[in-house]
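Remarks on the structure that follows.
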Amino acid sequence: MDFLAPLTVALPLVVAAILIGGAHLWPSQWPDAVAALTAATVAIMAVFLAGAAAKAGPLVYWFGGWTPRHGIAIGIAFVVDPAGAGCAAFVAVIFCASFVFSWGYFDQVHARYHALMLIFLAAMAGFALTGDLFNFFVFFELMSTVAFALTGYRLEASALEGALNFTVTNAIGSFLMLAGIGLLYGRTGALNFAQLSRALSGHSADGLVILAFALLIGALFIKGAIVPFHFWIADAHSVAPSPVCVIFSGIIVPIAIFGAARLYWSVFAGSGIAQAQLRPLLVWLGTATAVTGGLVALMQRDVKRLLAFSTVSHMGVLLVGVGLLSAGGLAGGMLYLLGHGLVKGALFMVGGILLASCAGIDEIELRGAGKAFPLTGIAYALGGLLLAGLPVGLEHQGRELIDAAAEAHGYAFLAPILSATGGLTGAGILRGAGRIFLALGPEPGEEQQSPSEEEREQQDRPVWLMLLPIGAMLACELMLQAFPTEAAVRVAAASFTATGSVVATVLDGATWSPPPAPPGVTETQMMGPIIGLSVALGIAALELGRHHFPRNLVRVADLALGWLFSALDRLHNGIVGDYVAWLMLGLLVIGGVLAIG
Amino acid sequence: MNHAAFLLPAWLFVIGLYGIITSRHFVHLIGCLTVVQSSTYVLLLSVGYRTGAGAPIFADHPVGSPAVDPVVQALVLTDIVVGATVTALLLALALQVHKRKGTLDPQRLRPLRP
């Protein structure tokens, strides 16, 4: 069974090479079909791996048969645990949906788009499965480099500028990570996660280990869009082609937070980095991210930009789940990752339908333009409600687990705040749904012209074919609740966090004894959904009904809140130098807080 | 290890970042990015350095004689490949931006802003 582990990475790479090799030979629909089938195959293989790992413990695959000698790792290993394999399967499923959605979109570029996307898939599968720090870095780099190319693909001014900002900030992230790896290697002489963990545990964390941790985690936070590392995200996500955005917001950003969790539990859990400092740091960073992302999302009129900032907000919630440093919180985070990926992917696909069918993405210019697409509108509104906190689906289950873990660690007051931030992002989406699909809200005036350039994505693709993956993803989000997904994720989180057992399995070949799964949530709390939904519906109604309120009241409200929004707007100024300055500030905060402790 | 070996990469890192933050031209900015990148290479190579040791090639001296750590060199080599790709991509993007906007000043190129 463990031979499947390298195949999940190798198969998409080989298919990509074949596709690009014969780019001009394939009939026009072929690359679409081949790519979707490949993604589906990877998903099936990863599901098998996850099942096997859940039964027998982590599967360890040593490349070239270079097994450890006397407890010292020599070769490079894939360590397939249920969480990693599940993550790879999820990635492949979203890719498959994205390929179906983009059917016929990229005919002119022949198979080049599909080849890039398959390399992207291989990189993410490897990132989720690897058990070696440098391998982790290489897949991280591969993921970034492909993403840079896919962002600038349209070769129009805004796409190019977005891609430049994206590339510069994320390249700096890669350098930070490499420096962190160098420091850790200098200390321990190891690159294997298990070997590193064994070498670091038992000592108190000195400056060098803390610096290395801060560099690694900072690099992942850049990709994971955590405040103040998040500035690049909207510039990149609002200009990339919609099928690529589905991947960007749905998985590449969350998978970076997954990578941070992987690094913490696989390497640093026993290293003496004090949980007493790390937990509040991560939880507060997450909360700040959730609030900032929600507020900025609300200000956007470009649908894709709005969705990008809502991703920032949700990454904050995910970070809170991971940052509680408990198996329960992590299980919540993983469920949240699944639910968020499905919903956000579907929402970006709706954006893609608007771009293809209505030739626009600006909410105000598109007022009423979506009336001909009722199903699309329903999907968009449903996505908004789910993000706001509708008490069904995987995302809701994840949120409940995170809330329970937060309560267990003395952060009970965070639950309503996080629910409200979900409401903020939901409000932006519902406002858009009302305006675009129901023509609610005031008539746009002359000055309401959109600031962005004309853009339109490949037309004359059948709308039903684009609706198909949207429906499937939303159905998955709602239906998977009926299967024991939640219990499976809790088991996966338990073995993910059982550092000692994993190390013994990898290095000594010890037999695996499954750790106890964290408890589930028995009692449904209705408080969170009520707060989230009332914030979402309330704000959406206020914004759409703005012209019905007395003029003075609106002016007072603008005066009271305007300074906050204009300050936030000024911060997201599109200048890459400022982004880099913020990034360094964030790094100093992380390093400083950990060093003082 | 000598502490000066850490000071040099730190200096390269900081000066490169200063360049990026204050840059008024994207080609200059990309150059600064490679300075930051080289800071990590210097760090890695000094981590693997051993005083008086030779290159980790045992063709012309006996197996077992002291050699510097080949692992970090492999890491650096891998990253140089990726770094070259990213730099080439960035320069290509910059060229295309210049064709469309006629400027490469980051302060004037602001995505999705009028």
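No lab work stands behind these numbers, since they all come straight from the coordinates. Keep in mind the model is a prediction, meaning the values are calculated, not measured. Cβ coordinates were reconstructed from backbone atoms using ideal geometry, including for glycine residues, and neighbour counts include every protein chain displayed.
Structure notes:
- Whole-angstrom gap from the range A:545-589 to the range B:1-46, using each part's C-alpha centre: 33
- Taking 4 °C and 1.567 mPa s as conditions, the range A:502-597 diffuses translationally at an estimated 64 µm²/s according to Stokes-Einstein applied to its Kirkwood radius (Cα pairs).
- Dimensionless Rg ratio for the range A:34-74, taking C-alpha atoms and the 2.2 N^0.38 Å reference: 1.62
- Computed 3J(HN,Hα) for the range A:207-216, one whole-Hz value per residue from the Karplus formula 6.51 cos²θ - 1.76 cosθ + 1.60 where θ = phi - 60°, is x, 5, 5, 5, 4, 4, 4, 4, 5, 5, glycine and proline marked x.
- Residues A:S249, A:S566, A:S326, sorted so that the one with the fewest Cβ neighbours within 10 Å comes first: A:S566, A:S326, A:S249
- Sequence-distant residues sharing a close amide H with B:A67 (under 5 Å, placed H): B:G54
- Of every Cα-Cα pair in the range A:100-224, the percent that sits beyond 17 Å: 64
- Taking Cβ atoms as reference points and 13 Å as the exclusive limit, the residues near A:H396 contribute a net charge of -4, counting Lys and Arg as +1 and Asp and Glu as -1.
- The orientation-averaged projection of the convex hull spanning the C-alpha atoms of the range A:80-127 amounts to 3.1 square nanometres.
- Phi-based couplings in Hz for the range B:98-107 (Karplus 6.51, -1.76, 1.60; Gly and Pro marked x): 4, 4, 8, 10, x, 9, 10, 7, x, 6
- Only Cα sites of the range A:2-132 enter the Debye sum here, all with the same form factor; the resulting log10 I(q)/I(0) across q = 0.18, 0.19, 0.21 1/Å is -0.88, -0.94, -1.08, listed in q order.
- In chain A, the longest principal axis of the Cα atoms and the axis of helix A:499-508 are about 50 degrees apart.
- Relative counts (whole %) of C-alpha pair distances in the range A:172-221, using bins that are 10 Å wide: 28, 57, 14, 0
- Spin-label model, A:T511/A:V463: points 7 Å from Cα along the beta carbon direction are separated by 6.1 nm.
- Acute angle (nearest 10 degrees) that the helix A:393-408 long axis makes with the longest principal axis of chain A, alpha-carbon atoms: 60
- Ranked by how many other beta carbons lie within 10 Å on average, peptides A:392-405, A:224-237, A:287-300 from highest: A:224-237, A:392-405, A:287-300
- The range A:198-299: radius of gyration over Cα atoms, expressed as a fraction of 2.2 N^0.38 Å: 1.23
- Look at the stretch A:176-184: the mean tally of other chain Cβ atoms within 10 Å of its residues' Cβ atoms is 6.
- Average partner coverage of A:373-385, which counts Cβ from other chains inside 10 Å: 0
- Degrees, to the nearest 10: B:4-22 long Cα axis against longest axis of chain B: 10
- Rounded to 5, the percent of DSSP beta bridges in the protein assembly as shown classed as antiparallel: 90
- Take B:102-109, A:32-39, B:49-56, A:384-391 and order them by the average number of nearby Cβ atoms within 10 Å per residue, most first; the result is A:384-391, A:32-39, B:102-109, B:49-56.
- Across the range A:229-376, the convex hull enclosing all Cα atoms gives 102 Å³ per residue.
- Highest-first arrangement of A:503-513, A:74-84, where packing means the average Cβ count within 10 Å: A:74-84, A:503-513
- Label zone at A:H203 (point 7 Å along Cα-to-Cβ), backbone N below 18 Å, the range A:577-597: A:595
- Across the cross-link table entries A:K344/B:K99; A:K304/B:K99; A:K55/A:K304, which are compared at the Cα atoms, the separations over 30 Å belong to A:K344/B:K99; A:K55/A:K304.
- Equivalent ellipsoid semi-axes - Cα gyration tensor, chain A, angstrom: 37, 28, 22
- For chain B, the convex hull spanned by the alpha carbon atoms encloses 117 Å³ per residue.
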